[in-house]
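What follows is a single structure, written as structure tokens, with notes after it.
The values are calculated or read from the model by the stated rules, or taken from the named source; none is laboratory data. Since this is a predicted model, take the numbers as computed values, not measurements. All Cβ positions, glycine included, derive from the backbone under ideal geometry; neighbour counts span all protein chains shown. Only protein heavy atoms, including side chains, enter the accessible area calculation; ligands, DNA and RNA are left aside. Shrake-Rupley method; radii C 1.70, N 1.55, O 1.52, S 1.80 Å.
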Amino acid sequence: MIDRNLLRNDPDLVKRSARAKRCVCGIEEWLELDSRMRALSLEADGLRAQRNSLSHRVSVLKKSGGDFREAMEESRLAGERIALLEAEMKNLEPRMTELVLAMPNIPDPDVPEGGEEANLEVSKWGGPPTFDFTPRPHWELMKGVFDPEAAGVIAGSSFVLLRGWAAGLQRRLIGWMVENHLRAGMEEVWPPFLACRDSVTATGQLPKLADDMYLLERDDLFLIPTGEVSITNLYRGATLRESDLPVKLCGYTPCFRREAGSYGKDTRGLNRVHQFEKVEMVWLTHPEESHRAHEAMLAQATGLLEKLGLHYRVVLLAAGDLSFSAARCYDLEIWSPGQMKWLEVSSVSNCRDFQARRGNIRFKPSGGGKPAFVHTLNGSGLALPRLMAALVETWQRPDGTVDVEGLSSRLVIPQEGRAPQEQPDHSVYR
RNA sequence: GGAGGACUAGUCUAAUCGGUAAGGCAGCGGACUUGAAAUCCGCCGGGCUAUGCCCAUCGGGGUUCGAGUCCCCGGUCCUCCGCCA
């Protein structure tokens, strides 16, 4: 959520950012409503003060046996006027909330302007694997263990069914990634895979991505489109101690996306599916630490790719390609030798205080003072389907089979680093 | 799904017949001290156009001059029953 005071003091900045992010939102309308609201609130406050003192006088007069009827009548009249003002405010409020919730986060100053074409490749690691034969795409290599037809029978098109070695490989990959994160000092969580409206609003998928999520109408619950939703909302409404920061969490979740409107685009094989598996990292940091944490989270994700030996590149997203809640985001893309193209396997985002405001996630400064909003970061570490695709294509043999043994030998759980925490104390105020 | 109970600040706990939220602990700052403890003082929910005022007792309505308190709808947690992997 955009800070109210920023909207009042520098609406042009908010307008520019919204335009850069290709978002249409009613900043002017909000400002008008805001000034109307403040006038109403000022008048109502004065009347309330009157009513409070009048009804206190009633109480005093009653006790002393005096005539309280006049005070009571005046108080009643003030109450009627208050009710009118309150009704008008109540009328304006939902619209103001709707408007402010539709305003996207402001990109950091170093984020390039423009759309996808302005994305900036900031680094590259390794090189494309070479073959003395024509490499095949994963859907050919995984015949028999990747079965979209079967998934179609169970759920419909664009769902995945893995079996045999592919199912096992995916399971081991999830465990391997989580173990790596634990040794980097993160705490593992296993959250609900459904989230309520407030949660999905806090992380910023609502209102903009409403059509991209699965909604269980009967219970008004959303299937999470990313683990970011569940894990970030673990601390919704909480006030942490400054000494608790940074809170570094990771967890496995499935992710559900309707992918409305994206049919026919990159839909082959494992490239774009309705349900996929992901290990997510979510960190809550002190506002001054989030930039450094963003780089550290990126390094954690790229570290996994390096251990797997996959050729990858890091892209700093331009404003127009940035998600609604992000202020700054790196996309991690790995090379798919069978498809001869880059596949996005991770987005590492710094949301600054945007989600923390929406979800009211704060910390109490050690030196006293008012609670302040934390900064939230999230990053995939990593998303499975495209990772599987690139891995399988990288480890293919000339006969069209996959060296699963060789691939699996990469999944060594590191011995270095901190041992997983037993029971970290993140007890919070709510 | 059913029955019962609970919900006041970081935490614990008060508030008369409905009368305008009182304290303890923890924490923070300061004084005293070689240092610490103890003690003392201040702060310790949010907001504003700020000597003051308004809001705030899980959320939303209602009754009332006035609601933590009474009524209605909902939420969360706990206990029990039912169902279920």
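Give the residue, chosen from A:Pro135, A:Pro109, that is in a loop (DSSP other than H, G, I, E, B), in the same structural domain as A:Arg328 (by TED's automatic domain parsing) and not charged (D, E, K, R).
When all the criteria are applied, what remains is A:Pro135.
Could you list all residues from the stretch A:358-406 that are open to solvent by less than 10 Å² (accessible area, probe 1.4 Å), hydrophobic (A, V, I, L, M, F, W, C) and over 19 Å from A:Ala202 (Cα atoms)?
Hits for the stretch A:358-406 are A:Leu382, A:Leu384, A:Leu387, A:Met388, A:Ala389, A:Ala390, A:Leu391, A:Val392.
Would you check if there is a residue in the stretch A:217-224 being modelled with pLDDT under 90, in a loop (DSSP other than H, G, I, E, B), more than 16 Å from RNA strand B (Cβ to nearest atom) and open to solvent by less than 50 Å² (accessible area, probe 1.4 Å)?
The answer is no; no qualifying residue exists.
For (1) at pLDDT 95 or above; (2) under 20 Å from A:Thr253 (Cα atoms), each residue gets a yes or a no:
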| site | (1), (2) |
| --- | --- |
| A:Ala301 | yes, yes |
| A:Pro337 | yes, no |
| A:Gly369 | no, no |
| A:Phe373 | no, no |
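List pairs: first in the stretch A:34-51 and assigned to a helix (DSSP H, G or I), second near RNA strand B (Cβ under 7 Å from one of its atoms), Cβ under 7 Å, 6+ apart or cross-chain?
From residues that are assigned to a helix (DSSP H, G or I), the pairs are A:Arg51/A:Ser75; A:Arg51/A:Gly79.
If A:Lys124 satisfies every condition in (1) closer than 21 Å to A:Asp266 by Cα; (2) open to solvent by 60 Å² or more (accessible area, probe 1.4 Å); (3) modelled with pLDDT of 95 or more but one, which is the exception?
The failed condition is (1).
Which of the residues spanning the stretch A:150-159 are open to solvent by less than 50 Å² (accessible area, probe 1.4 Å) and either outside the structural domain of A:Gln339 (by TED's automatic domain parsing) or part of a loop (DSSP other than H, G, I, E, B) (or both)?
Correct list: A:Gly156, A:Ser158, A:Phe159.
Can you find a residue in the stretch A:65-77 that is away from RNA strand B (no atom under 11 Å from the Cβ), farther than 18 Å from A:Leu42 by Cα and touching a residue at least 60 places away in the same chain (Cβ under 8 Å)?
no
Among the residues of the stretch A:127-149, count how many are touching a Phe, Trp or Tyr at 6+ places or on another chain (Cβ under 9 Å) and either loosely packed, with under 15 Cβ neighbours inside 10 Å or at positive phi (or both).
Of the residues in the stretch A:127-149, 2 are touching a Phe, Trp or Tyr at 6+ places or on another chain (Cβ under 9 Å) and either loosely packed, with under 15 Cβ neighbours inside 10 Å or at positive phi (or both).
In the stretch A:331-357, what residues are surrounded by fewer than 24 Cβ atoms within 10 Å (Cβ to Cβ), within 21 Å of A:His375 (Cα to Cα) and not small (Gly, Ala, Ser)?
Answer for the stretch A:331-357, where residues must be surrounded by fewer than 24 Cβ atoms within 10 Å (Cβ to Cβ), within 21 Å of A:His375 (Cα to Cα) and not small (Gly, Ala, Ser): A:Asp331, A:Asp353, A:Arg357.
Of all the residues that make up the stretch A:284-311, how many are farther than 20 Å from A:Ser17 by Cβ and open to solvent by 10 Å² or more (accessible area, probe 1.4 Å)?
16
If A:Glu88 satisfies all but one of (1) closer than 26 Å to A:Asp198 by Cα; (2) within 29 Å of the chain's Cα centre (by Cα); (3) surrounded by 13 or more Cβ atoms within 10 Å (Cβ to Cβ), what's the number of the condition it fails?
(2)
Return the only residue of A:Pro148, A:Pro135 being at pLDDT 95 or above and either closer than 30 Å to A:Phe324 by Cα or more than 16 Å from RNA strand B (Cβ to nearest atom) (or both).
Testing whether each residue is at pLDDT 95 or above and either closer than 30 Å to A:Phe324 by Cα or more than 16 Å from RNA strand B (Cβ to nearest atom) (or both) leaves just A:Pro135.
Among the strands (runs of 3 or more DSSP E) confined wholly to the stretch A:323-399, which include 1 or more residues that are farther than 22 Å from A:Leu308 by Cα and within 16 Å of RNA strand B (Cβ to nearest atom)?
Ranges flagged: A:362-364.
Give A:Val24, A:Val60 a once-over and let me know the one that is within 10 Å of RNA strand B (Cβ to nearest atom) and not assigned by TED's automatic domain parsing to the domain that holds A:Leu317.
Just a single option satisfies the conditions, and that option is A:Val60.
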